1. Of everything in the stretch 73-86 that's closer than 30 Å to R175 by Cα and of a type outside the set (S, T, Y), which residue is surrounded by the most Cβ atoms within 10 Å (Cβ to Cβ)?
2. Of all residues in the stretch 181-199, which are in a loop (DSSP other than H, G, I, E, B) and either free of Cβ contacts under 8 Å to residues at least 40 places away in the same chain or over 17 Å from the mean Cα position of the chain (by Cα) (or both)?
3. Scan the helices (runs of 4 or more DSSP H) fully inside the stretch 64-180 and keep the ones with 2 or more residues being at pLDDT 95 or above.
4. Going through V208, V275 one at a time, which residue ends up being among the β-branched types (V, I, T) and in contact with a strand residue (DSSP E or B) (Cβ under 7 Å, 6 or more places away or on another chain)?
5. Of the conditions (1) assigned to a loop (DSSP other than H, G, I, E, B); (2) closer than 30 Å to A190 by Cβ, A229 clears all except one; give me its number.
6. Among the listed residues R298, R281, R265, which satisfies the condition of being assigned by TED's automatic domain parsing to the domain that holds M314, surrounded by 12 or more Cβ atoms within 10 Å (Cβ to Cβ), more than 24 Å from the chain's Cα centre (by Cα) and within 30 Å of G388 (Cα to Cα)?
7. Look through T370, T317, T336 and report the one residue that is of a type in the set (S, T, Y), assigned to a loop (DSSP other than H, G, I, E, B) and in contact (Cβ under 8 Å) with a residue 24 or more places away in the chain.
8. How about the stretch 407-431: which of its residues are surrounded by fewer than 19 Cβ atoms within 10 Å (Cβ to Cβ) and at pLDDT below 95?
Amino acid sequence: MKVTGLALVPPPTAADLPKVTPELLASVLARYSRSNEGLASILEKVDVANPEASIDRILKFVDYGHASIGGLTGGLAIALDGVSMWLAYKIFEIAQMADGQESSTRYITMDPSSLPTAAELGLPDDLAARWSAVMAKAFAAYQQEYARLDAAALANPGLVRLPPDAKPAVVARLRKNYALDRARYFIPLATRTNLGLVQSSRMWATTVKHLDSLPHPEARAAAQLIREALLKQSPRLMRHSTAEKSYEEQARQELASSLQLGLARLSTQPLPDAVWVKVDRDAPPWLREEQPVAEALRHRANRYGYQGTATRRMRVTFAWNNLAIAELRDLNRHRTGHRYTPLIQAGFYLPPEIPAAPHQALLDEQAALTRELMQRGSAAYVYALLLGAQTPFEHSTQADKFIYEAELRTGMGAHFRYAEHLSAALREFNRQVPEARDWVVEGTAEPE
């Protein structure tokens, strides 16, 4: 067996490596998969001074499907500045194979200057001024509650859980986070944020195709910008990234379903907590699972440890009726399996530290605007939502991934509301899989 690294095989030298484009890398590896001559022999035929001709020569050798080599392009990084929080959420939902990060709400300017224009978001012209006014009031409520909670925590340090012997800088940071994490439910989903993702050309093409098939002008504009950027790196593969009928039809049906369900359930009152967990341990009769669950779990030093087949083969679907969009944005980033939400406002969550009564007029006005947009069949209704809007959310995956998420989202530094949701799901999981109870670490969301 011979293992060869691209950077070590002539003719490419250190000076030549920047010229090895993602598509050249993909085409070389594709040729490698259809040859027994070895990588060094293939690279000897590559003209790094003329990569385009080398790519064409390799791809003409045999009919390579674009999808089969698109995944060989390595990680192509794209940063998107100034997109709405809704679009960031949607891209993470679509790009399930990507690694990425989004700006935290703790570091974004929270005032109307952080909003796209109504025209950019596709809001009806006659509702633009009304939307802007509601969003401005939402930011004002956020600022008001943040200032009040920060002052209360400063006057009464016992409100904020602190690690032992916390230094003054840590105390100040945790006090700030205490206020921000509770006031954030007033933040508009339309607020601008930034995100960066890394994925292969194949997955980028799928992501861009999906964005280009959505009814939201912002999504289609982002698709065009991403396509233009990636055409410079992967021109052949990004040709397969335009809107496509099956994507458009599914987007149309999902929007219709969300509008119907959203109008039926629209409310400003908080939904009571409810969780649903379904565990499926079935296996084919010729390949039954023999490993005890304890053996799959007990050898881990922490949540990053490798689990055994007993949990890796166990299917788990878990769902909440009332996940606030503030939490949805992060839980949606757990990439494994399938996630689904109609993204509606079936209720509105405020933490116990924030009384609803002083803000009821704002919430009523926001709900009325959301209802008006939904009644018109406008996909732009999502931009009327605030992060406190509660929506059903479902995630289906395997037990090892669920256990990791439950341990992460109840562990050190976890947001208090994440911990409540995941603790509830974990209790139900343990009821159905009691032999896991002693080996899954439910945290207390203690401060970092």
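1. Of the residues in the stretch 73-86, the ones closer than 30 Å to R175 by Cα are 81-86.
Applying the additional criterion that residues be of a type outside the set (S, T, Y) yields 81-83, 85-86.
Working: D81: 10, G82: 11, V83: 22, M85: 27, W86: 24.
Filtering first and then ranking leaves M85.
2. Pass one, the stretch 181-199, residues in a loop (DSSP other than H, G, I, E, B): 187, 189-191.
Once the filter is applied, which keeps residues that are in a loop (DSSP other than H, G, I, E, B) and either free of Cβ contacts under 8 Å to residues at least 40 places away in the same chain or over 17 Å from the mean Cα position of the chain (by Cα) (or both), the stretch 181-199 yields only I187.
3. On the way: elements: 66-70, 85-94, 118-121, 128-155.
Correct list: 85-94, 118-121, 128-155.
4. Details: V208 fails: in contact with a strand residue (DSSP E or B) (Cβ under 7 Å, 6 or more places away or on another chain).
Answer to the selection: V275.
5. A229 satisfies all of (1) assigned to a loop (DSSP other than H, G, I, E, B); (2) closer than 30 Å to A190 by Cβ except (1).
6. On the way: R298 fails: within 30 Å of G388 (Cα to Cα); R281 fails: within 30 Å of G388 (Cα to Cα).
Answer to the check: R265.
7. Details: T370 fails: assigned to a loop (DSSP other than H, G, I, E, B); T317 fails: assigned to a loop (DSSP other than H, G, I, E, B).
When all the criteria are applied, what remains is T336.
8. L408, M412, G413, H415, F416
The values are calculated or read from the model by the stated rules, or taken from the named source; none is laboratory data. What you are looking at is a predicted structure, and each value in this text was computed from that prediction instead of being measured. Glycine gets a Cβ as well: all are built from the backbone with ideal geometry, and neighbour counts include every protein chain shown.
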